[in-house]
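Visitor: Submitted below is the structure of interest, expressed as structure tokens.
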Amino acid sequence: MTTLIESEEHKALRAAVAALGRRHGRNHDREALWSEAGKLGYLGVNLPEAYGGGGGGIAELSIVLEELGTAGCPLLMMVVSPAICGTVIARFGTDAQKQQWLPGLADGTRTMAFGITEPDAGSNSHRITTTARRDPDTGDWLLSGRKVFISGVDIADATLIVGRTEDSRTGRLKPCLFIVPRDTPGFTRHRIDMELTAAEKQFELTLDDVRLPADALVGDEDAGLLQLFAGLNPERIMTAAFAIGMGRYALAQAITYARDRTVWNTPIGAHQAIAHPLAQAHIDLELARLMMQKAAHLYDAGDDVGAGEAANMAKYAAGEACVKAVDQAVHTLGGNGLTREFGLGSLITAARVARIAPVSREMILNYVSHQTLGLPKSY
């Protein structure tokens, strides 16, 4: 029942965050909203209380992002900083790493980006070529490689970089996670010119023999894959929350317009050609939210395998529902749907992000067909 009926605490959190979102609104100042959300404890609601967090989980954090998105002011870095990086450090970091990073991630005074995607290894994380090797004289790590489409590197204090180290026994490369501070020598960024309108910018990163101390490695060198997926499931759940919030925002705009806009003496929302697609969009968003809540519940309960399936399904469903809701909202408003006044036109591009990132819908369908249905792979 936990995933079907929201608790009173969750309802209260949803209402409080919705009020914050309405206060800031569509034309918000990102830094001001981030700061206030951090001070109120919303950014770190999933992080341990011992480090200044709320002691909750991804279920609570997804509520925060969804409601901010519904108010027109989603904070994309919530997906990355507390959900991926905060989770990985809280679960696998050393005591020193937790002390150094978690309090700041919890109150929003520090931010982390996440670097996994590479120019030649988009959906195939097994082809990551960013490598880390030990300096035998000092014990330092030396990282070399490239990353692409990494959000918010310019505003992040550090980036959690996914690299690969050589297994001394097999010689095979295995994934590992490293904390790379923004101004580390050899760590350079180049902004990608995007047509997407967003407060957070996208970057290509180059790591040219970036020297890091031994304690830059997060967790056990031999448990890299486990640690990596501990961050990727929350990323999918939070992307679903981002998409659901955006879809709800667009739908609310369309509903208000359809109630008020009168042609031939009747509000256009009275016509089923307008009303039914909006109702369908609402149903799809509600169904996606249910799967998102299931995924968050499984993840917070420690079921990484069950959460993996549900998180992928939630991300897929939310992405599809968001694109349809935004498209129908724009169509409902007609020409007004493309004006700055109503703020829907820019969402046409933004909505597609949920279909593409952090993993494409086709790769999710691959996951479900292989992992859930047991069908053979084509690759």
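Visitor: Where in segment 324-354 are there trypsin sites (Lys or Arg not before Pro) that are in a DSSP coil and have at most 11 other Cβ atoms within 10 angstrom of their Cβ? Write out the running numbers ahead of the final one.
Guide: Values: sites: 324, 340, 352; in loops: 340.
Qualifying residues, ordered by number: 340.
Visitor: At a Förster distance of 25 Å, what's the computed FRET efficiency of residue 352 paired with residue 16, Cβ-Cβ distance as r, to 0.05? Provide the component values of the computation, followed by the final result.
Guide: Working: r = 31 Å, r/R0 = 1.23.
Efficiency at R0 = 25 Å is approximately 0.25.
Visitor: Sort segment 8-111 into rounded, prolate or oblate with this rule: let a ≥ b ≥ c be the square roots of the eigenvalues of the Cα gyration tensor; rounded if a/c is under 1.5, and if a/c is not under 1.5, prolate when a/b is larger than b/c, oblate otherwise.
Guide: On the way: a/c = 2.22, a/b = 1.64, b/c = 1.36.
Cα axes put segment 8-111 in the prolate bin.
Visitor: Could I ask something else about it? Would you mind calculating the gained length between residue 154 and residue 50 on full extension (0.36 nm times residue separation, minus the Cα-Cα distance), in nm to one decimal? Don't skip to the answer; put the middle values down first.
Guide: On the way: separation 104, 0.36 × 104 = 37.44 nm, distance 2.87 nm.
Stretched fully, the residue 154-residue 50 segment lengthens by 34.6 nm.
Visitor: A follow-up question, please. Kindly identify segment 183-260 as rounded, prolate or oblate by the Cα gyration tensor criterion: order the square roots of the eigenvalues as a ≥ b ≥ c, call it rounded if a/c is under 1.5, otherwise compare a/b with b/c, prolate if a/b is larger, else oblate. Spell out each step's value before the answer.
Guide: Numbers: a/c = 5.01, a/b = 1.86, b/c = 2.69.
In terms of gyration-tensor shape, oblate.
Visitor: While we're on this one: Under a 1.4 Å probe, what is the accessible area of segment 219-293 per residue, stated in Å²? Numbers along the way, then the final one.
Guide: Values: 3520 Å² over 75 residues.
Ligands and nucleic acids excluded, the figure is 47 Å² per residue.
Visitor: With runs of 4+ DSSP H residues as the only contributors, calculate the mean residue ellipticity of the chain at 222 nm using -39,500 (n - 2.57) per run, divided by the residue total and rounded to the nearest 500.
Guide: Values: 10 runs with 174 residues, N = 379.
Here the helix-only value at 222 nm equals -15500 deg cm²/dmol.
Visitor: Would you mind getting me the FRET efficiency between residue 4 and residue 340? Use the beta-carbon distance for r and R0 = 45 Å, nearest 0.05.
Guide: Using R0 = 45 Å, I get an efficiency of 0.70.
Visitor: More than 17 angstrom separation, counting every C-alpha pair in segment 252-299; what % is that? Please report the intermediate quantities before stating the final value.
Guide: Values: 527 of 1128 pairs.
Everything past 17 Å amounts to 47 percent.
Visitor: Evaluate the distance, in nm, between pseudo-label points positioned 7 Å from the Cα of residue 32 and of residue 371 along their respective Cα→Cβ axes.
Guide: 4.1
Visitor: Give the accessible surface of segment 1-156 per residue, rounded to a whole number of Å², with probe radius 1.4 Å and ligands, DNA and RNA excluded.
Guide: Working: 6550 Å² over 156 residues.
Value returned for segment 1-156: 42 Å² of accessible area per residue.
Visitor: Within the chain, what is the longest stretch that has no GluC sites (Glu not before Pro) placed in a DSSP loop and near at most 10 other beta-carbon atoms within 10 Å? Numbers along the way, then the final one.
Guide: Working: sites that count: 195, 341.
Excluding the exposed sites themselves, the longest stretch runs over 1-194.
Visitor: Let me ask another. So if I place +1 on the C-beta of Lys and Arg and -1 on the C-beta of Asp and Glu, and nothing else carries charge, what would the dipole magnitude of the chain be about its Cα centre? I want it in debye, nearest 20. Write out the running numbers ahead of the final one.
Guide: Numbers: 37 positive and 44 negative charges, 190 e Å.
Computed about the Cα centre, the dipole is about 920 debye.
Visitor: Further question on the same structure: Could you look at segment 252-327 and say what percent of its accessible area is carbon and sulfur, using a 1.4 Å probe and all protein chains?
Guide: So the carbon and sulfur contribution to the accessible surface is 56 percent.
Visitor: Tell me the net charge near residue 77. Cut-off is 10 Å between Cβ atoms, residue 77 excluded, with +1 for each Lys or Arg and -1 for each Asp or Glu.
Guide: Numbers: positive: 30; negative: 200.
Net of charged neighbours comes to 0.
Visitor: Which ³J(HN,Hα) values, rounded to whole Hz and listed in residue order, are derived for segment 194-206 from phi using the Karplus coefficients 6.51, -1.76 and 1.60 in 6.51 cos²θ - 1.76 cosθ + 1.60 with θ = phi - 60°, glycine and proline given as x?
Guide: My calculation for segment 194-206 gives 9, 7, 5, 8, 7, 5, 8, 8, 10, 9, 9, 10, 10 Hz in order.
Visitor: Between 157, 209, 260, find the one with the highest GNM mean-square fluctuation for the chain; connect C-alpha pairs within less than 10 Å.
Guide: Most flexible of the set in this elastic network: 260.
The values are calculated or read from the model by the stated rules, or taken from the named source; none is laboratory data. Fair warning: this is a prediction, and the values are worked out from it, not measured in the lab. All Cβ positions, even for glycine, are placed from backbone atoms using ideal geometry, and neighbour counts span all protein chains on display. The area values use the complete protein model at the heavy-atom level, side chains included, leaving out ligands, DNA and RNA. Shrake-Rupley method; radii C 1.70, N 1.55, O 1.52, S 1.80 Å.
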